[in-house]
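All remarks here apply to the structure that follows.
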Amino acid sequence: MNTSVDAMAMDAERPRTPRVAPHATHKLKLLLRREFWEHKGGFFWAPIWAGGISLLLTLMALVVGEVAARRALASGKMQVDGQVMVNGLDLGMITSRMDAEDMRRLAGGIDLSMLTSSMWPMIVLGFVVFFYCLGSLYDERKDRSVLFWKSLPVSDRDTVLSKVASAVLVAPALAVAAWIATMFAFLVLVSGFVLAHGGNPLTLLWGPGSPLANAGVMIASIPVYAVWALPTVGWLMLCSSWARSKPFLWAIMIPVMAGIFISWFDVMNAVDLDSGWFWRNVVARALGGVFPGTWIDVANTDVLQLKRPGDMIHQGALLKTMYSVLATPQAWIGAAAGVAMIAASIRMRRWRDEG
Amino acid sequence: MNTEIRNGSPVVVARGLRKAYKNKLALDDTRFEVPLGRIVGLIGPNGAGKTTALKAILGLVPFEGDLKVLGKDPRTQRDELMNDICFIADVAVLPRWMKVKEAIAFVAGVHPRFDEAKCRRFLEGTQLKPDLRVREMSKGMIVQLHLALVMAIDARLLVLDEPTLGLDILYRKQFYQRLLEDYFDEEKTILVTTHQVEEIEHILTDVMFIRDGKIMLDAPMDTLGERYTEVLVNADRVEAARALKPVDERALPFGKTVMLFDGADAARLGELGETRTPGLADLFVATMKGTYA
């Protein structure tokens, strides 16, 4: 109280720059923007490139398929329903002959190929976040720019939390956006192909498929990702804040060595667990959590009902499976460990003396 | 608290600071004060504890002892303190990926006392264009940008640790010139360390010598002339002069000797030979004799 009164008296007396402190959310916004400026290549361009390359591969596959099919037709080796097709493949005929069950399978197949063929940005996301966290508190010490950041009125807590938010929210959101964009581009690409073969893309693709529901599933995966990635993010950032050099080696070696040690001496038997438990729940969670989908191990996949090979995936079931992860103790114990390690990183950044 | 400061009470008060690294004491019962509205030079040989003292003031390292900066403890109140303190700790620490416009936008966004227009004015006429990245700049340009950012912040204490190391003489001169002309006023305090003693001598108002973590000398610049005298003594007067206990002497060619006296009677010194006020560098060398022995 004393300080604020004095500060006001002070400001009244001399014309200092107005002391309207930037609002906390404004600071956070700038901290996030700062991370984006620095890591635009990984956060923004990498998923786009990944999506672009996967589209290119799809296009190449279509062209190769087309060429092969035409060659087969030309030599009369390929027949469709006992009738040799002229003028290429007639896809219009395929839909006209399908019954309801076929349509359902087609829909599921289209949705699945939409989800998978465009998920490259998400694989790239895993690598981007992994190396981002590993460098997040190390690089600034290495190039000494931490001295600049620390000369500004931004607390270590806010700085570290902005980096966590970049890793578990900003980067995944951008990757999901790239995923969705790739999915639609994929549909357009395949539509062109279908059109070229006399099929109607609306009845064959856009009708039975459900791109919007797919997009919903993708967006809904972000919170699950955030919770599931926390232990890995925490561990990598802790190594990043602590290692004097080679944070990558430390981050990998410590859990892996611990795992080897435990497997070797069967330490886990003492508490009635096998060493596989340690690898699954400690090593994998400390290193692999930033890769989307690694939660499938604990997810409840029963709702998917993939009992027969022909069974298809539905968005609702997919969503249920994904969110069943948030009902497991593994997710929350891991998240708590992650939060503890992030707190340790904040402390480390506050007091670390580079000499 | 601020009332006291306005009345000339110190911006920094340090009592019994202690900081030990593995094999040596960087701060050893260090005590000093930095008054308001002064430009204080903290000068010492390598490894004397200069940087550690500054890092303690900035709350960057843990230490023992009693330290108040603007009435706050930098260990526990660092986050509030940084609204009023600014520092350039080492040259060229701006992140290499950053663009000029990003640096300005960021500081403007997080610092309540940053004046963006002022910063742009400082950058006018320089080669620092908004889209230039730090990695594309020369060392001198990086310091130019850093100084422009810092000078646009209306801080009460500015700490500079070797701010011009490795810069050429043009940039060094320009650096201190700008600081004096466009930044410093009686409400601000600057604490600076450097090895280039001669270059900052004329801008300092106070000087502190530090050696092995202890303050050896702490005096306003204008009292140095009253206290210290340098005498050019002829060979035949050397014994008489030595009787007055010079703190330092060094021989010149042709039999003359330069002696440095601390607090000796001016009239008697005048009889011994030609007298003058010693430069800061000479004083420093005399005080630090035997440091690296």
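The values are calculated or read from the model by the stated rules, or taken from the named source; none is laboratory data. These numbers come from a predicted model, not from an experiment. In this analysis, Cβ positions are derived from the backbone assuming ideal geometry, glycine residues included, and neighbour counts consider all displayed protein chains.
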For this session: State all residues of the stretch B:257-293 that are exposed (fewer than 13 other Cβ atoms within 10 Å of the Cβ) and hydrophobic (A, V, I, L, M, F, W, C); if no residue qualifies, say none.
Result: B:Ala266, B:Ala267, B:Ala293
Seminar exercise, completed: Subset of the stretch B:73-90, residues more than 9 Å from chain A (Cβ to nearest Cβ) and surrounded by fewer than 21 Cβ atoms within 10 Å (Cβ to Cβ), comes to B:Asp73, B:Arg75, B:Thr76, B:Gln77
For this session: Report those helices (runs of 4 or more DSSP H) wholly inside the stretch A:182-295 carrying at least 2 residues which are of a type in the set (Phe, Trp, Tyr) and in contact with a helix residue (DSSP H, G or I) (Cβ under 7 Å, 6 or more places away or on another chain).
Result: A:211-242, A:247-265, A:275-278
For this session: Could you list, in sequence order, all residues of the stretch B:160-200 that are charged (D, E, K, R), surrounded by fewer than 17 Cβ atoms within 10 Å (Cβ to Cβ), in contact (Cβ under 8 Å) with a residue 24 or more places away in the chain and more than 14 Å from chain A (Cβ to nearest Cβ)?
Result: B:Asp168, B:Lys173, B:Arg178, B:Asp182, B:Glu198, B:Glu199
Exercise. Can you tell which of B:Leu42, B:Leu36, B:Leu60, B:Leu54 is in contact with a helix residue (DSSP H, G or I) (Cβ under 9 Å, 6 or more places away or on another chain) and under 30 Å from B:Gly290 (Cβ atoms)?
Worked result: B:Leu42
Exercise. Would it be correct to say that A:Leu62 is assigned to a helix (DSSP H, G or I), more than 14 Å from chain B (Cβ to nearest Cβ) and modelled with pLDDT of 80 or more?
Worked result: yes
For this session: Please enumerate the residues belonging to the stretch A:115-174 that are more than 14 Å from every other protein chain (Cβ to nearest Cβ), crowded, with 23+ Cβ neighbours inside 10 Å and not in a helix (DSSP H, G or I).
Result: A:Ser118
For this session: Would you kindly identify the strands (runs of 3 or more DSSP E) lying entirely within the stretch B:218-293 that contain at least 1 residues that are in contact with a strand residue (DSSP E or B) (Cβ under 7 Å, 6 or more places away or on another chain), modelled with pLDDT of 85 or more and under 19 Å from B:His202 (Cα atoms)?
Result: B:228-233, B:273-276
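Could you please let me know if B:Arg120 is more than 19 Å from the chain's Cα centre (by Cα), within 9 Å of chain A (Cβ to nearest Cβ) and surrounded by fewer than 22 Cβ atoms within 10 Å (Cβ to Cβ)?
No, not satisfied.
Results for (1) under 28 Å from B:Ala155 (Cα atoms); (2) assigned by TED's automatic domain parsing to the domain that holds B:Asn23; (3) touching a Leu at 6+ places or on another chain (Cβ under 8 Å), shown as yes or no for each residue.
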| residue | (1), (2), (3) |
| --- | --- |
| B:Leu179 | yes, yes, yes |
| B:Lys188 | yes, yes, yes |
| B:Gln196 | yes, yes, no |
| B:Glu201 | yes, yes, yes |
| B:Asp206 | yes, yes, no |
| B:Thr229 | no, no, yes |
| B:Lys256 | no, no, yes |
| B:Leu269 | no, no, yes |
| B:Leu283 | no, no, yes |
Exercise. Just to be sure, is A:Phe193 surrounded by 22 or more Cβ atoms within 10 Å (Cβ to Cβ), aromatic (Phe, Trp, Tyr) and either over 30 Å from A:Trp295 (Cβ atoms) or over 21 Å from the mean Cα position of the chain (by Cα) (or both)?
Worked result: no
For this session: Give the number of residues within the stretch B:48-67 that are surrounded by fewer than 19 Cβ atoms within 10 Å (Cβ to Cβ) and at the interface with chain A (Cβ under 8 Å from one of its Cβ atoms).
Result: 1
For this session: Return yes or no: is B:Leu204 under 14 Å from the mean Cα position of the chain (by Cα) and at pLDDT 90 or above?
Result: yes
Exercise. Which one of these does B:Leu70 not meet: (1) crowded, with 21+ Cβ neighbours inside 10 Å; (2) farther than 23 Å from B:Asp212 by Cα; (3) at the interface with another protein chain (Cβ under 9 Å from one of its Cβ atoms)?
Worked result: (3)
Exercise. Quick check, is B:Arg38 surrounded by fewer than 23 Cβ atoms within 10 Å (Cβ to Cβ), away from chain A (no Cβ under 12 Å) and not hydrophobic (A, V, I, L, M, F, W, C)?
Worked result: yes
For this session: Residue by residue through the stretch B:91-112, note down the ones that are surrounded by fewer than 19 Cβ atoms within 10 Å (Cβ to Cβ) and facing chain A (nearest Cβ under 7 Å).
Result: B:Arg96, B:Trp97, B:Pro112
Problem set entry | One residue from A:Trp120, A:Trp149 being closer than 28 Å to B:Leu81 by Cα and among the hydrophobic types (A, V, I, L, M, F, W, C) | A:Trp149
